[in-house]
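> Attaching a single structure in structure tokens format; questions to follow.
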Amino acid sequence: MWLDGDASHKSAEIVPTASLALLPLRSMSDEAATTSPANDPSLFDKIVNLSKRRGIVYQSAEIYGGFRSTYDYGPVGVLMLRNVKDAWWRAMVQRRHDVVGLDASILSPPQVWQASGHLQNFSDPLVDCRNCGARERLDKLDDPEQCPSCGMKGQFTEARQFNLMFKTQAGPVEGAGAEVYLRPETAQGMFINFANVQYTSRKKPPFGIAQIGKSFRNEITPGNFVFRTREFEQMEMEYFVPPAEADQWYEYWCNERMQWYLDHGMPAEKLRLRPHDADELSHYSSGTSDVEFLFPWGWDELEGIANRGNFDLTQHAEHSGAKLEYFDQATNEKYLPHVIEPAAGATRTMMAFLMAAYDEEQVNDDTRVVLRLHHRIAPYKVAVLPLSKKPELAGPCQELFAQLADHFMCDYDETQNIGKRYRRQDEIGTPYCVTFDFESIEDRAVTVRERDSMEQERVPIDELVGWLAERLA
Ligand code: GAP
């Protein structure tokens, strides 16, 4: 058979779902940050190369020389990104009676962004280097005096505020009234639909509105692959609560969101919750914490969880004239709900899952690259592989593929020898490879190989769907 060695690792352990009991908010203190696990700086290049080689992420418009900071998700990447979003939706909407979904428009009129404060405040301080012309974000420079591109000191212009909104025009006539903006966050769609959703869903605070979708920011310094791009996907939820309950729900969502990453295979030592210092908080926020991941360049943000008070509903009520208060019949009270907002990046989170799962191990004289992804995040769940391309195997093997594909996302691969095909599936994190060989025609059984242990087992075809379903549950 094709036993190709022993693995030294097991797949990441799944931690039980968080209960309502609250974990301490400072789950990773500053002290812990300084003793953080050693990080591998070469991991970044390995992930970029793997992404290109295996159809996870491509540079956009590559045949035209590439369009900076935009990326296309290939056949494997599109599955993985979908799985990240599905896992979030499952936890945040499907499994909750208190959260409903929304898909709001990407284009919106200036009034929305006037009310939200984005037109006035959604900007970064920009400086130009007089020597080489490089444009930099002042707040991201290690040394505000020295240009990171040419190394010259004291050549920066005065900082000016650069608004990150993408503006375009609706309809054929230019000028006032035609201006529209691409949303820089999905959140405002939830705020401006608060009354609609509350009325039609008949939900009472505490309840949430969740949305996944594209957002656009004209970032001054996009970079680090898909970490910071101008077009990206967000997964956001606005949780509307009675004002007196805001602090308690803020803590609850900090815990829930940390647990979600752990439940999906993120190692605890590469994850931390960092409460913002007072000088980082927006004026309306009484608390914000970032879920951070240990990227190859250090700790950086995956998600922000903010206690936003009633700022957003107040602004939209004032600017639109709409009544956005909630009338609680039980207490005869009218109030503007406060909002707790867990806001995550889907594309950024997918990159973190790739980095957390990447592993190399020696198998005989070979280095095996394996993505030890959680089953729910893995692009394909099963690869169906005929031992040979001969029609007597390929025919029934394709029938087997059709049978399995009804239940799981499956790949079918008949090129190259079986060892190479196993390695290809390891590189994209496929949990199970099913090999149909010449014996399979006689004994109606197949060899199933598990990704992490590389152990193989003969399983009757009639029992295969149940066998896999049990392990992939
Ligand atoms: N509504 C709140 C909000 O949008 P944010 O911290 O600006 O908050 C939330 O964005 C998440 O969206 C971030 O934690 C990050 O994961 C993702 N994100 C923000 N800007 C991004 C960018 N330029 N590229 C990729 N992801 C981004």
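The values are calculated or read from the model by the stated rules, or taken from the named source; none is laboratory data. Please read these numbers as outputs of a predicted model, since none were measured by experiment. Quick reminder, even Gly has a Cβ in these numbers, built from the backbone with ideal geometry, and neighbours come from all protein chains shown. Side chains included, ligands, DNA and RNA excluded: accessible areas come from the protein's heavy atoms. Shrake-Rupley method; radii C 1.70, N 1.55, O 1.52, S 1.80 Å.
> Inside the stretch 152-204, can you point out the residues that are without any contact (Cβ under 8 Å) to a residue 40 or more places away in the chain and assigned to a helix (DSSP H, G or I)?
Quick first cut of the stretch 152-204, residues without any contact (Cβ under 8 Å) to a residue 40 or more places away in the chain only: 152-161, 167, 169, 171-178, 196, 199-200, 202.
Listed by number, the residues that qualify are N196, Y199, T200.
> When you check S116 against the structure, is it among the small types (G, A, S) and in contact with a Phe, Trp or Tyr (Cβ under 6 Å, 6 or more places away or on another chain), yes or no? Walk me through it before giving the result.
Numbers: among the small types (G, A, S): yes; in contact with a Phe, Trp or Tyr (Cβ under 6 Å, 6 or more places away or on another chain): no.
Spelling it out, it is not the case that S116 is among the small types (G, A, S) and in contact with a Phe, Trp or Tyr (Cβ under 6 Å, 6 or more places away or on another chain).
> Restricting attention to the stretch 169-181, report how many residues are at pLDDT 95 or above and open to solvent by 40 Å² or more (accessible area, probe 1.4 Å).
0
Residue by residue, here is whether (1) in the same structural domain as A246 (by TED's automatic domain parsing); (2) more than 30 Å from V84 (Cβ to Cβ) holds:
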residue: F166; (1), (2): no, no
residue: P172; (1), (2): no, yes
residue: Y181; (1), (2): no, no
residue: I192; (1), (2): yes, no
residue: Q211; (1), (2): yes, no
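> What about K334, is it in contact with a helix residue (DSSP H, G or I) (Cβ under 9 Å, 6 or more places away or on another chain), away from the ligand (no atom under 16 Å from the Cβ) and of a type in the set (K, R)? Give the steps one after another, and end with the answer.
On the way: in contact with a helix residue (DSSP H, G or I) (Cβ under 9 Å, 6 or more places away or on another chain): no; away from the ligand (no atom under 16 Å from the Cβ): yes; of a type in the set (K, R): yes.
In short, no.
> Among the residues of the stretch 257-267, how many are more than 25 Å from S116 (Cβ to Cβ) and crowded, with 20+ Cβ neighbours inside 10 Å? Break it down into steps so the answer makes sense when it comes.
Keep residues of the stretch 257-267 that are more than 25 Å from S116 (Cβ to Cβ), which gives 258-267.
Then drop every residue that is not crowded, with 20+ Cβ neighbours inside 10 Å, which leaves 258, 260-261, 264-266.
So the count comes out to 6.
> Please report, ordered by residue number, the strands (runs of 3 or more DSSP E) entirely within the stretch 364-465 with at least 2 residues that are free of Cβ contacts under 8 Å to residues at least 60 places away in the same chain and within 20 Å of P75 (Cα to Cα). Working first, answer last.
On the way: elements: 366-371, 382-386, 410-412, 432-436, 445-450, 456-460.
Because the criterion is at least 2 residues that are free of Cβ contacts under 8 Å to residues at least 60 places away in the same chain and within 20 Å of P75 (Cα to Cα), the strands (runs of 3 or more DSSP E) in the stretch 364-465 that meet it are 382-386, 410-412, 432-436.
> Let me ask you something else. On the given criteria, is V100 part of a strand (DSSP E or B), modelled with pLDDT of 95 or more and open to solvent by 30 Å² or more (accessible area, probe 1.4 Å)?
On the way: part of a strand (DSSP E or B): yes; modelled with pLDDT of 95 or more: yes; open to solvent by 30 Å² or more (accessible area, probe 1.4 Å): yes.
Yes.
> Shifting gears a bit: For the stretch 188-220, which residues satisfy the criterion of being within 16 Å of the ligand (Cβ to nearest atom), small (G, A, S) and closer than 22 Å to R95 by Cβ? Before the answer, list the steps.
At the first step, the residues of the stretch 188-220 found to be within 16 Å of the ligand (Cβ to nearest atom) are 188-194, 208-220.
Subset that is small (G, A, S): 189, 208, 210, 213, 215.
Of everything in the stretch 188-220, those that are within 16 Å of the ligand (Cβ to nearest atom), small (G, A, S) and closer than 22 Å to R95 by Cβ turn out to be G208, A210, G213.
> Could you say which residue among E185, E219, E136 is under 30 Å from E245 (Cα atoms), of a type in the set (D, E) and crowded, with 16+ Cβ neighbours inside 10 Å? Quick ask: steps written out before the conclusion?
Details: E219 fails: under 30 Å from E245 (Cα atoms); E136 fails: under 30 Å from E245 (Cα atoms).
None of the others qualify; the one that does is E185.
> Let me ask something additional. I want to confirm something. Restricting to the stretch 423-473 and keeping residues that are touching a helix residue (DSSP H, G or I) at 6+ places or on another chain (Cβ under 6 Å) and over 30 Å from R53 (Cα atoms), which single residue is surrounded by the most Cβ atoms within 10 Å (Cβ to Cβ)?
Looking at the filtered set, the residue picked out is V459.
> Considering only the stretch 366-395, state which residues are crowded, with 18+ Cβ neighbours inside 10 Å and of a type in the set (D, E).
none
> Could you look through the stretch 103-121, keep only residues that are touching a Leu at 6+ places or on another chain (Cβ under 8 Å) and part of a helix (DSSP H, G or I), and pick out the one that is least open to solvent (accessible area, probe 1.4 Å)? Steps first, answer last, please.
From the stretch 103-121, those touching a Leu at 6+ places or on another chain (Cβ under 8 Å) are 106-107, 110, 113; that's our starting set.
Now narrow it down to the ones that are part of a helix (DSSP H, G or I): 110, 113.
Values: P110: 32, W113: 3 Å².
Among those residues, the one meeting the criterion is W113.
> Sticking with this one: Would you check if there is a residue in the stretch 386-398 being aliphatic (A, V, I, L, M) and in the same structural domain as V291 (by TED's automatic domain parsing)? Steps first, please.
First pass over the stretch 386-398, keeping only residues aliphatic (A, V, I, L, M): 387, 393-394.
This time we only want the ones that are in the same structural domain as V291 (by TED's automatic domain parsing), so: none.
No: the stretch 386-398 contains no residue that is aliphatic (A, V, I, L, M) and in the same structural domain as V291 (by TED's automatic domain parsing).
> Something else now. May I ask you to list the residues in the stretch 268-301 that are open to solvent by 60 Å² or more (accessible area, probe 1.4 Å) and within 14 Å of the ligand (Cβ to nearest atom)?
E280, Y284, E301, listed by residue number.
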